[in-house]
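Chemist: Sending over a structure as structure tokens; questions will come in a sec.
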Amino acid sequence: MFQDSILDVALGMIFLYALMSLVITSVTEGFANLFSTRARALGTWLEDMLGDTWEVDGREQGIARSLLAHPLIRGLAPGKRTPDHIPPETFTAVLLEILARPDERQDRHRPRNLLELRRMVEAIEESPPLRQVLLNLTAESRGDIREAEQAIARWFNASMNRLSSWYSRRAQLAAFGFAVALTFVANVDSLMFANALWEDSDLRMAVVQQAVGFEADTSTEQSGQAEQSGQAEQSGQPDQPEQPDQSDQADQSGQPSVDNEQLVAQLETLRAIDSFPLGWSNDPLDRRHPPKDIVGWLMKLIGFGITVLATTLGAPFWFSLLSWVLQLRKDEKLEDPSAAGFHTAEGAGASSEGASS
């Protein structure tokens, strides 16, 4: 029916955007891990926050460098990598240890009372801004060293929250660039794709089957993870400790947990579908052939723009919408048992779920 065709086209478009969003997220995360962008951002932010970096014999030194080189900080990352997050309590402990005796490497100790802490802060000469900030924080502690340490930890955590916001904006900008590049290279034209789904019923049903199977696989995986978590709680096993809200958590968006191999397999399956309009073609009769006139290129750019803007909404949005549309489609088909197309797609999804289990 006409209404079913519209719903299937919408379902295919949503599925395409969900996969594109996952690919962009994976690429962005891959580049971030490869070039340690979080760790670099944290190091630069600490240098600006502590404001004391200088060069001696060609080597950068200062409180920030000493803090990052401290064993407690280095131990937060494997190997010789720089950590991309620091718990506020660890930052406070290491900072006070470094400030205790800046000219002596041995016999350092944290201040035992607020008076010692203030004397230590007043002795800071490398960074007047840091000295002023710490003096203000200790002045609000009402004579309690623990309150002073907690105030320093809150100051650090607030600064890391600002770093998280800054890093999130940079990550979104990078994801936008990757989306533009991937959309052009793979010729992911939303207008062309929607037109192909509307005109080709076989293609439409093939994409719907893939969407049903993919949604079933991700739902099964999420339910399995929830079951394991529930079993761990019942057995009294401690959960993983929560990490502070810092730069490494800035890009967590709650998207479905999908294995990279599963994602690649789904994309390869979609690409293998006959006449699936992805990529470029040299055949003039193929819809993937480059446009021949200005109007064609204008429509192509509009289709690219729709794809890029859609992927910026993120995978969680599209997967939530995908689940909602699938449920809506299922309810409509249950009301109309004579519609056979849906049962074919549901059967394919069920078989895919059975194979994955």
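Chemist: So which of Ser159, Ser190, Ser168, Ser141 is of a type in the set (S, T, N, Q), at pLDDT 90 or above and in contact with an Asp or Glu (Cβ under 9 Å, 6 or more places away or on another chain)?
Modeler: Sole residue among the options that is of a type in the set (S, T, N, Q), at pLDDT 90 or above and in contact with an Asp or Glu (Cβ under 9 Å, 6 or more places away or on another chain): Ser168.
Chemist: Filter the stretch 202-211 down to the residues that are more than 14 Å from Ala10 (Cβ to Cβ) and either of a type in the set (Val, Ile, Thr) or touching a Leu at 6+ places or on another chain (Cβ under 8 Å) (or both), then identify the one that is surrounded by the most Cβ atoms within 10 Å (Cβ to Cβ).
Modeler: Gln210
Chemist: Note down all Cβ pairs under 9 Å where the first residue falls in the stretch 277-288 and is of a type in the set (Gly, Ala, Ser), the second is at pLDDT below 85, and they're at least six residues apart or on different chains.
Modeler: Close Cβ pairs (under 9 Å, with a partner that is at pLDDT below 85) amount to Gly279/Arg271.
Chemist: Pull up the stretch 27-42, narrow it to residues that are assigned to a helix (DSSP H, G or I) and surrounded by fewer than 16 Cβ atoms within 10 Å (Cβ to Cβ), then point me to the one that is nearest to the chain's Cα centre (by Cα).
Modeler: Glu29
Chemist: Could you pull out the residue among Leu34, Leu46, Leu19 that is touching a helix residue (DSSP H, G or I) at 6+ places or on another chain (Cβ under 9 Å) and free of Cβ contacts under 8 Å to residues at least 24 places away in the same chain?
Modeler: That would be Leu46, the only listed residue that is touching a helix residue (DSSP H, G or I) at 6+ places or on another chain (Cβ under 9 Å) and free of Cβ contacts under 8 Å to residues at least 24 places away in the same chain.
Chemist: Taking only the stretch 263-292 into account, find how many residues are at pLDDT 85 or above and surrounded by 12 or more Cβ atoms within 10 Å (Cβ to Cβ).
Modeler: Total meeting the criteria: 9.
Chemist: To continue, here is another question. Quick one: would you say Val258 is in the same structural domain as Leu11 (by TED's automatic domain parsing), surrounded by fewer than 14 Cβ atoms within 10 Å (Cβ to Cβ), at pLDDT below 80 and closer than 25 Å to Ala206 by Cβ?
Modeler: No, not satisfied.
Chemist: Which condition number does Ser352 fail, the rest of (1) modelled with pLDDT of 90 or more; (2) of a type in the set (Ser, Thr, Tyr); (3) surrounded by 17 or more Cβ atoms within 10 Å (Cβ to Cβ) being met?
Modeler: In the conditions (1) modelled with pLDDT of 90 or more; (2) of a type in the set (Ser, Thr, Tyr); (3) surrounded by 17 or more Cβ atoms within 10 Å (Cβ to Cβ), Ser352 misses (1) alone.
Residue-by-condition table, conditions (1) assigned to a helix (DSSP H, G or I); (2) modelled with pLDDT of 85 or more; (3) of a type in the set (Lys, Arg):
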{"site": "Gly12", "(1), (2), (3)": "yes, yes, no"}
{"site": "Phe15", "(1), (2), (3)": "yes, yes, no"}
{"site": "Ser21", "(1), (2), (3)": "yes, yes, no"}
{"site": "Glu60", "(1), (2), (3)": "no, no, no"}
{"site": "Leu72", "(1), (2), (3)": "yes, yes, no"}
{"site": "Pro78", "(1), (2), (3)": "no, no, no"}
{"site": "Arg81", "(1), (2), (3)": "no, no, yes"}
{"site": "Ile86", "(1), (2), (3)": "no, yes, no"}
{"site": "Glu97", "(1), (2), (3)": "yes, yes, no"}
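Chemist: In addition: Under 6 Å by Cβ, and 6 or more places apart or on different chains, what pairs join a residue from the stretch 132-151 that is free of Cβ contacts under 8 Å to residues at least 40 places away in the same chain and not assigned by TED's automatic domain parsing to the domain that holds Glu122 with one that is part of a loop (DSSP other than H, G, I, E, B) and of a type in the set (A, V, I, L, M)?
Modeler: none
The values are calculated or read from the model by the stated rules, or taken from the named source; none is laboratory data. Keep in mind it's a predicted model, so treat the numbers as computed, not measured. Here Cβ is always computed from backbone atoms with ideal geometry, including for glycine, and neighbour counts include all displayed protein chains.
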